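Visitor: Pasting in a structure now, in structure tokens, and then I'll have a few things to ask.
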Amino acid sequence: MTDRQLPCGSRDSRRRTVAELVAGRWGDHRPGLWFEDQVLTHHEVAAGAAARAALLADLLPPGAEPHVGVLLDNTPEYPLWLSAAALAGAAVAGINPTRRGPELARDILHTECRLLVTSHTHLRLLKDLELPGVRLLLTDTAEYADLLAPYAGAVPDASRATPDDRLLLYFTSGSTGAPKAAICSQGRLAAAGASLVGQFGVRREDVHYVCMPMFHGNAVIADWAPALAAGAGVALRRRFSASGFLTDVRRFGATYFTYVGRAVQYILATEERADDADNPLRLGFGTEAGAVDAAAFRRRFGVRLVEGYGSSEGGAAIQWSPGTPAGAVGKAAPGLVVLDPETGRERAPAVFDGAGRLLNGDEAIGELVNRAPNPFEGYWRNPGAEAERRRDGAYWTGDLFYRDTDGYLYFAGRADDRIRVDGENLAAAMIENILARYPGADAVAVYAVPDPVTGDQVMATIAGSFEPAGFAEFLAAQPDLGTKMAPRFVRVVQRMPVTATNKIHRARLRKEGVRCGDPVWWRSPGERSYRPLTPEDATGPLVPTRGPS
């Protein structure tokens, strides 16, 4: 995924357009957009969107796909161009600024962007790239201001937009191959925003803090869209900053934020203060925080974190509800099943011991599949990827789950994160949750390294402090750590490698394996204690010769 916490909306609720929501703020003179020292009213945002929509209509060549690439930090120009595209019946392709060279050019050209909105900050990324037919608009230039000036009197008109118009082309962060550009229509985005408004009781008086990058689906679908749907305000952070998080929240009066990946851990790693709970936040919504960090966040800041699941493509979603067991994401809606990806048969219900440990992972863990109608709208110009998701009339998520006898679903990682040791399937996410209890761990990643005898071995990377004897004692004391779950190898890093969206860069960790520049500790079969991996050990029969490519 990609983004595992995004609401899907439903086909039945696709009545409104984002354009209508944008136009609905015309005449609303309450403060609506905060960025650094700048404040715009909702009316000014609607007016700015109308001006850019009119400019867009004049700049797009006849017959061209109405696609605009946006290569920006979280500045006001980003939501202004999202809103403008909605009014114009066009689509925004969020361009990832961490991509480089041919990969970056490929993203722009693949989505057929004839306009690329950017700034001098990112201009260096485009140097020497071949981008035929692409016109640049630099938002921090006098020329850009001059282009917009004739349209200053434009009024937002939502009549050109329909619910089926493409609005977003956002790249999913797959671990293999080129990223896929998922399609999100105006109707689906408006429905997703409305769904979150209802789920979390978003009010007009709320302020949504957007600190995750807006080229990513999380910030737009789970943060910006519900604010727009409710008429709430939006506060932007140019780039995520753990040290600036609480200062921003207080400064802007933020009541809601979204997160992905390690963001919550980074915030918790900042220096603790006695007044941390003195803040206006009431809710954080996201994924991958983990139960340990969610509890620590609530103790320290007085803020509840809600973990959710939903494919950013719109194919499946699970909502938490009161009564959901610890560790579960939520109850399966009609049509959601856990299937064996090879046979297509439904997996057995999970069986737990008294400590909550999964006893039959090999039989219970499978891929989450949605057999019910869903609003997945496909990938731009990628029929092969669509066929992989749509099989036998169902949507295959690419995520591993298991299901208990009461119908509650438990996340077990990406299909790519499956670990198979001695014929038994292990869930990386389950092992991570256990290792996250280790006192020295600021962050944990668990993944497979190949073994010619057992198939895989479990490897963990721990960011923080590591004491081998203490870690071995910690493992022995965990009642829900199965005998095959204990890491054979432990890599110790100062800071976990992450992607641009603060997700752990598992593909890099898997590729580097045990032969990396960081200290690696290991224990051979039957041993309890860990010892440093030496060059001699690394050439032995028990150590993988290389990480997976």
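Visitor: Out of (1) out of contact with any Lys or Arg (no Cβ under 7 Å at 6 or more places or on another chain); (2) modelled with pLDDT of 90 or more, what's the single condition that is false for PRO322?
Guide: Failing condition for PRO322: (2).
Visitor: Of the numbered conditions (1) part of a loop (DSSP other than H, G, I, E, B); (2) surrounded by fewer than 21 Cβ atoms within 10 Å (Cβ to Cβ), GLY198 fails exactly one; give the number of that condition.
Guide: The number of the failed condition is (1).
Visitor: All but one of (1) surrounded by fewer than 24 Cβ atoms within 10 Å (Cβ to Cβ); (2) hydrophobic (A, V, I, L, M, F, W, C); (3) not in a helix (DSSP H, G or I) hold for LEU168; which doesn't?
Guide: (1)
Conditions (1) without any contact (Cβ under 8 Å) to a residue 40 or more places away in the chain; (2) out of contact with any Leu (no Cβ under 6 Å at 6 or more places or on another chain); (3) surrounded by fewer than 21 Cβ atoms within 10 Å (Cβ to Cβ); (4) more than 30 Å from ASN96 (Cα to Cα), marked per residue:
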position	(1), (2), (3), (4)
ASN433	no, yes, yes, no
ALA448	no, yes, no, no
ASP451	no, yes, yes, yes
PHE471	no, yes, no, yes
VAL492	yes, yes, yes, no
GLU512	yes, yes, yes, no
ARG515	yes, yes, yes, no
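Visitor: ARG238: out of contact with any His (no Cβ under 7 Å at 6 or more places or on another chain) and either surrounded by fewer than 19 Cβ atoms within 10 Å (Cβ to Cβ) or within 19 Å of LEU33 (Cα to Cα) (or both), yes or no? I'd like the intermediate steps shown before the answer.
Guide: Values: out of contact with any His (no Cβ under 7 Å at 6 or more places or on another chain): yes; either surrounded by fewer than 19 Cβ atoms within 10 Å (Cβ to Cβ) or within 19 Å of LEU33 (Cα to Cα) (or both): yes.
Yes, satisfied.
Visitor: For the range 368-393, enumerate the residues that are in a strand (DSSP E or B) and closer than 17 Å to GLY310 by Cα. Working first, answer last.
Guide: Our first condition is that a residue be in a strand (DSSP E or B); within the range 368-393, this holds for 368-370, 379, 390-391.
Hits for the range 368-393 are LEU368, VAL369, ASN370, TYR379, ARG390.
Visitor: For the range 1-28, how many residues are modelled with pLDDT of 95 or more and not in a loop (DSSP other than H, G, I, E, B)?
Guide: 6
Visitor: Among the small types (Gly, Ala, Ser), at pLDDT below 95 and part of a helix (DSSP H, G or I), is that true of SER175?
Guide: So SER175 does not fit the description; no.
Visitor: So which residues in the range 232-249 are outside any loop (DSSP other than H, G, I, E, B), touching an Asp or Glu at 6+ places or on another chain (Cβ under 8 Å) and not aliphatic (A, V, I, L, M)?
Guide: Scanning the range 232-249 gives a single hit, GLY233.
Visitor: Separate question: Could you list all residues from the range 443-481 that are touching a helix residue (DSSP H, G or I) at 6+ places or on another chain (Cβ under 8 Å) and either among the small types (Gly, Ala, Ser) or at positive phi (or both)?
Guide: The answer is ALA443, ALA445, ALA448, ALA460.
Visitor: Now for a different question. Please work out if ASP73 is modelled with pLDDT of 95 or more, closer than 17 Å to PHE215 by Cα, among the acidic types (Asp, Glu) and out of contact with any strand residue (DSSP E or B) (no Cβ under 7 Å at 6 or more places or on another chain). Lay out the reasoning, then the answer.
Guide: Values: modelled with pLDDT of 95 or more: yes; closer than 17 Å to PHE215 by Cα: yes; among the acidic types (Asp, Glu): yes; out of contact with any strand residue (DSSP E or B) (no Cβ under 7 Å at 6 or more places or on another chain): yes.
Judged against the criteria, ASP73 is a match.
Visitor: Working carefully through the options GLY440, GLY413, GLY517, find the one that is of a type outside the set (Ser, Thr, Tyr) and on the phi > 0 side of the Ramachandran plot.
Guide: On the way: GLY440 fails: on the phi > 0 side of the Ramachandran plot; GLY517 fails: on the phi > 0 side of the Ramachandran plot.
Matching residue, one of GLY440, GLY413, GLY517: GLY413.
Visitor: Which of the residues spanning the range 394-418 are modelled with pLDDT under 95, assigned to a strand (DSSP E or B) and of a type in the set (D, E, K, R)?
Guide: ASP399, ARG414
Visitor: State all residues of the range 249-300 that are under 25 Å from TYR410 (Cα atoms) and more than 24 Å from the chain's Cα centre (by Cα); if no residue qualifies, say none.
Guide: Hit for the range 249-300 is ARG299, nothing else.
Visitor: Which numbered condition in (1) in contact with a helix residue (DSSP H, G or I) (Cβ under 8 Å, 6 or more places away or on another chain); (2) among the small types (Gly, Ala, Ser); (3) surrounded by 14 or more Cβ atoms within 10 Å (Cβ to Cβ); (4) part of a loop (DSSP other than H, G, I, E, B) is the only one that ALA326 fails?
Guide: Evaluating ALA326 over (1) in contact with a helix residue (DSSP H, G or I) (Cβ under 8 Å, 6 or more places away or on another chain); (2) among the small types (Gly, Ala, Ser); (3) surrounded by 14 or more Cβ atoms within 10 Å (Cβ to Cβ); (4) part of a loop (DSSP other than H, G, I, E, B) leaves (3) as the failure.
Visitor: Of these, ALA254, ALA289, which one is at pLDDT below 95 and touching a strand residue (DSSP E or B) at 6+ places or on another chain (Cβ under 9 Å)?
Guide: On the way: ALA254 fails: at pLDDT below 95.
Only one candidate qualifies: ALA289.
Visitor: Sort out which residues of the range 241-269 are farther than 15 Å from TRP34 by Cβ and of a type in the set (A, V, I, L, M), and write them in order of number.
Guide: Those that are farther than 15 Å from TRP34 by Cβ and of a type in the set (A, V, I, L, M): ALA242, LEU246, VAL260, ALA263, VAL264, ILE267, LEU268, ALA269.
Visitor: Anything in the range 302-323 that is in contact (Cβ under 8 Å) with a residue 40 or more places away in the chain and assigned to a loop (DSSP other than H, G, I, E, B)? List them, or say none. I'd like the intermediate steps shown before the answer.
Guide: Residues of the range 302-323 that are in contact (Cβ under 8 Å) with a residue 40 or more places away in the chain, as a first pass: 305-319.
Once the filter is applied, which keeps residues that are in contact (Cβ under 8 Å) with a residue 40 or more places away in the chain and assigned to a loop (DSSP other than H, G, I, E, B), the range 302-323 yields GLY308, SER311, SER312, GLU313, GLY314, GLY315, ALA316, GLN319.
Visitor: Please find, within the range 339-354, the residue that is surrounded by the most Cβ atoms within 10 Å (Cβ to Cβ) out of those that are assigned to a loop (DSSP other than H, G, I, E, B) and among the aliphatic types (A, V, I, L, M).
Guide: Quick first cut of the range 339-354, residues assigned to a loop (DSSP other than H, G, I, E, B) only: 340-345, 347-351, 353-354.
Add one more test, that the residue is among the aliphatic types (A, V, I, L, M), and what stays is 348, 350-351.
Details: ALA348: 16, ALA350: 23, VAL351: 15.
Residue satisfying both the conditions and the ranking: ALA350.
The values are calculated or read from the model by the stated rules, or taken from the named source; none is laboratory data. Computed from a predicted structure; not experimentally measured. A quick note on method: Cβ atoms are made from the backbone with ideal geometry, for glycine too, and the neighbour counts reach across all protein chains shown.
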